[in-house]
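First up is the structure itself, then whatever we jot down about it.
Taken together, the values in this text are just the output of simple stated rules run on the coordinates, not laboratory data. Please read these numbers as outputs of a predicted model, since none were measured by experiment. Ideal geometry is used to build each Cβ from the backbone, glycine not excepted, and the neighbour counts take in all protein chains shown.
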Amino acid sequence: MRKALSQNASNGLHKQSILLRYFAILFIPSLIIVACISFSFYFTAQHSRQQVVEHQEIFSISQQETIIRNDIQAIIADLLLLVNHHHLHSTIGEGTDSGFDTVAEEFLIFARQKKIYDQVRFLDNTGMEQIRVNYNDGSPTIVPAEKLQAKGERYYFKDTLKLQHDEIFISPFDLNIEQGAIEEPQKPMIRFGAPVFNRKGEKFGIIVLNYLGTEVLDDISALLEHAFGHRSLLNQAGYWLLGPDREKEWGFMYADKTDVSFAHHFPAAWQKIQQNDSGLFYENGDMYIFDTIYPLKEGLKSSTGSREAYQQSAKSLSAHDYYWKIVSHIPHNELNRLLHPNLFLYLFANGLLAILIGAGCWLIASFKIKQLRAEQNVKKSEQKFRTIADFSYDWDAWLKPDGSYVYISPSCERITGYPAKHFTDDPNFFLEIVHPDDRKLLSTHRSKHLEQSFEKAEIYFRIIMKSGEIRWIWHQCQAVYSETGEWLGRRTTNRDVTEKHKVETALQRERDMFLCGPVATFTWQNRENWPVEQVSSNIVGILGYKAEDFLNGSVVYAERIHPDDLDKVTEEVTTHSKSGDTSFIHQPYRLISRSGDTIWVLDTTSIVRDSKGEITHYLGYLVDISEQKRQEQLVLESSKQQEELKRLESLKTMAGAIAHRFNNAMTAVLGNLDIMTMTLPEDSDEYQIASNAAQAARGAYQVGSMMLSYVGQNSLELKTLSLSDTLRESVTAFKNQFPPSISLKFTPPDTPLYCSADQQQIKEVIESILTNAIESLDENTGTIEVTFGTDYFATESFPVSFQYDTIQDGMYVFCQVKDTGHGISPENLPRIFEPFFTTRFVGRGLGLALTVGIMQSHHGAISVESVLGQGTTVRLLLPAISSTQ
């Protein structure tokens, strides 16, 4: 009995030992293989995520470095534009004080257009501000002379004044100091300065642009939305100019924050960052990616500056000593979350997989013993594999050939906001949440992907989540077949790619903005006439030629340069090529477009050399500045008009003074002559002489009065008048002087039009205009029409003679005289109000000149419109008033 029991126990142990051995033979290799594959996939995915993080951070930093460099180049272009400003040189540069107002107004236009400069200044050689335009939070103004300050002791003035031709000073990136203290709220500032020389080569001051550093800091901050790391912009001493903690920024500007810096908080990382211009490294588990910007490589000069208002720079800085560091820092705990987002899930899945493998191996080992149990274990394992699929991050699904769902992963609720039941209950529900603009695309795709012959495909479309948010989806589908080749339907994967789409859209938008903008890039070969090797396609919008026209040689670049500018451009290229420069900026020059128009461009060129130092190519970008040149010309013409007005006002002032003195003298002469005629016998020769002299003196006195009328200095007897009633009498009286061939139409207004005027002088004006209207008809058949009205007028529409400070925009009553005479030619129209100007015969034309002075003294105006051969329309405009004034 004992022996039988022992045998049974031995057999049981043997079977158990065989089962365990067979299980071990299957399980251990399987587990090793699966573990190797699993770890390989995991670490490959981790490495891929790490590369994505590194590449995205490197790309983002590169974008920021490009933005800063482009900003600096744009500021240099603006500074050079002001340094070479025409009026600055032609007036202030030549020692003329009269040009300050004009230059200040043009600096104001410049600041208003640019919107990135806190101050635009011109300082003389002593450091005294002569012109300053303050930005004033978007409302630029010219600072009055009494508020201008002496900056002779500031470091940026002394560092800039000692520069020579074509040298530019850039200050350290620091906070603005006003009245000896840091301005609050903080105002980050970079000052760009350059000396100004006159035609004799004498330095007569400097131009300083206070660039609002918030512009570049805001550009960098805008790129941080999708950044993984903590982004910092550091100066060469390791202080934060921009950092994750605003309280730690600008430590070097404050005496109590000298140890608040990146270099102090991360000394080991800072040491590595200082040793290289760019790179990627890991320190204590943290990731650091950095790049270096050398602003002085653009040909600028700088110094250490000072945080004290009147303390000077300790020393000048070389291009290598002045730099900014852009640093992306990802702490190890955040980096682990990025690189191991699904670590717990991975460990859980691998543990579950190990159990499943063990179960499978155990089932295989015990198959012959317990087949039924093995089948049950297989079903359980299938259920467990389904559980793994349920944890898929993407929205996976399996559709039958009829379009109904076999399986939908729970991730659909994370992506759409709707649970899987909505889709299984109604297969068309998927189409209902698709954006209306994309439904046709998806409907066409679904109708095809339910065909057995349809191959693997992928599309992009938008869905509207349950919350109303719009998300971009990447959709892929492929056919599913059984082991026997039976078509089981299709397997689909839907992935949320909204963030990726945003980045791609932003990059495409930036590219489109460049290709559609006024900037074209060129690559020229270093050969005769500079053959074009590459040119951006948007050149067609600038010059009218396609890129292919330049590339195939049918259009030669040198021949497109204006003949008057070709020698200058050639000399600049030759000079900079021989000097060893790596880049230079041309003086603006002209190109001839396909249509023959002249296009002004600003050309920035980089020189490419081979290993031997020989120049192979020139790389450049051209900015169309034709509109800027046109605006400069308009400003110049406006300035000339203003100068002409000032000159005319001076002449009128002098003429008025002479006329007053002349009439005062004539009054004494007339008085004495009248006394003589009263005491002499009327039949005596002496009486006749005195009478003739008195008549001549009265004529001379009348000439003086006419001169006072012309300059607008006659005394006025103002009273409230109805304009039409006042002029009716004069027009009626003139009707009797009209030849029979001329008809007069007088149309009074429906209601009285009131103004404040000297009745007699206004009558003289209408009589002068009617006289000229009659003469323009030359006694031919014609019509003179007199009408009245009220309208709003802007003074800028008045002739130049009436554009002065005391006249204002507003409501004016007017009398309009329209004739059908021979008209006035365009070249003569601006001169009709000049004294004694006439196209008929010498001695006429003084009447119209007098009307100008009369209307000026009434704060009114005269406008003239004329078409040669069709007639002339003259309007008398007087400020409108109410009848009660």
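Rounded to the nearest 0.05, what FRET efficiency do Lys158 and Ile67 give with R0 = 35 Å and r taken as the Cβ-Cβ distance? Could you check?
Numbers: r = 31 Å, r/R0 = 0.88.
The formula returns an efficiency of 0.70 here.
Taking 0.36 nm per residue of sequence separation and subtracting the Cα-Cα distance, how much length would be gained by fully extending the chain between Ala354 and Thr96, in nm to one decimal?
Details: separation 258, 0.36 × 258 = 92.88 nm, distance 9.22 nm.
So the chain would gain 83.7 nm between Ala354 and Thr96.
Rounded if a/c is under 1.5, else prolate if a/b is larger than b/c, else oblate: which is the stretch 40-82, with a ≥ b ≥ c the root eigenvalues of its Cα gyration tensor? Mind showing how you got there, number by number?
Details: a/c = 11.31, a/b = 10.47, b/c = 1.08.
Here the stretch 40-82 falls in the prolate category.
Can you pull the one-decimal nm distance between simple spin-label points at Tyr407 and Ser743, each 7 Å off the Cα toward Cβ?
According to this spin-label approximation, the distance is 10.0 nm.
Thinking of the stretch 519-636 as a set of Cα atoms, what percent of all their pairs are more than 20 Å apart? Write down the numbers at each step before the final one.
Working: 2779 of 6903 pairs.
Tail of P(r) above 20 Å: 40 percent of Cα pairs.
Using all Cα-Cα distances in the stretch 180-231, what percent lands in each 5 angstrom bin from 0 up to the longest?
It works out to 5, 14, 14, 14, 13, 12, 10, 8, 5, 3, 2, 0, in whole percents.
Greater than 31 Å separation of Cα atoms is the criterion. Which listed pairs, Lys301/Lys578; Lys200/Lys325; Lys162/Lys257, meet it?
On the way: Lys301/Lys578 22 Å; Lys200/Lys325 42 Å; Lys162/Lys257 33 Å.
The answer is Lys200/Lys325; Lys162/Lys257.
If one computes P(r) from the Cα atoms of the stretch 101-185, what percent of pairs lie at distances over 17 Å?
On the way: 1963 of 3570 pairs.
Within the stretch 101-185, distances greater than 17 Å cover 55 percent of Cα pairs.
Give, as a single signed number, the net charge of other residues whose beta carbon lies under 12 Å from the beta carbon of Ile206, with Lys and Arg counted +1 and Asp and Glu -1. Could you put the intermediate results ahead of the total?
Details: positive: Arg121, Lys151, Arg154, Lys158, Lys162, Arg191, Lys203; negative: Asp124, Glu129, Asp159, Glu167.
Net charge in that neighbourhood comes out at +3.
Counting residues in the stretch 469-580 as N, plug N into 2.2 N^0.38 Å and put the Cα Rg over that result.
Numbers: Rg = 25.9 Å, N = 112, 2.2 N^0.38 = 13.2 Å.
Normalised Rg, Cα atoms only: 1.96.
Please list, in order along the stretch 127-140, the HN-Hα scalar couplings obtained from phi with the Karplus expression 6.51 cos²θ - 1.76 cosθ + 1.60 (θ = phi - 60°), rounded to whole Hz, x for Gly and Pro.
Along the stretch 127-140, the couplings run x, 7, 5, 9, 9, 9, 10, 9, 6, 6, 6, x, 10, x Hz.
Report the semi-axes of the equivalent ellipsoid for the stretch 166-268 in whole Å, largest first, where each axis is √(5λ) for an eigenvalue λ of the Cα gyration tensor. Write down the numbers at each step before the final one.
On the way: eigenvalues 198, 55, 35 Å².
So the equivalent ellipsoid measures 31, 17, 13 Å along its semi-axes.
Taking square-rooted eigenvalues a ≥ b ≥ c of the alpha carbon gyration tensor, is the stretch 159-205 rounded, prolate or oblate, where a/c under 1.5 means rounded and, failing that, a/b exceeding b/c means prolate?
Details: a/c = 4.11, a/b = 2.65, b/c = 1.55.
Prolate, since a/c reaches 1.5 and a/b exceeds b/c.
Through the Karplus equation 6.51 cos²θ - 1.76 cosθ + 1.60, θ set to phi - 60°, convert the phi angles of the stretch 400-406 into ³J(HN,Hα) values in whole Hz; use x for Gly and Pro.
Once θ is set to phi - 60°, the couplings for the stretch 400-406 become 6, x, 8, x, 7, 8, 8 Hz.
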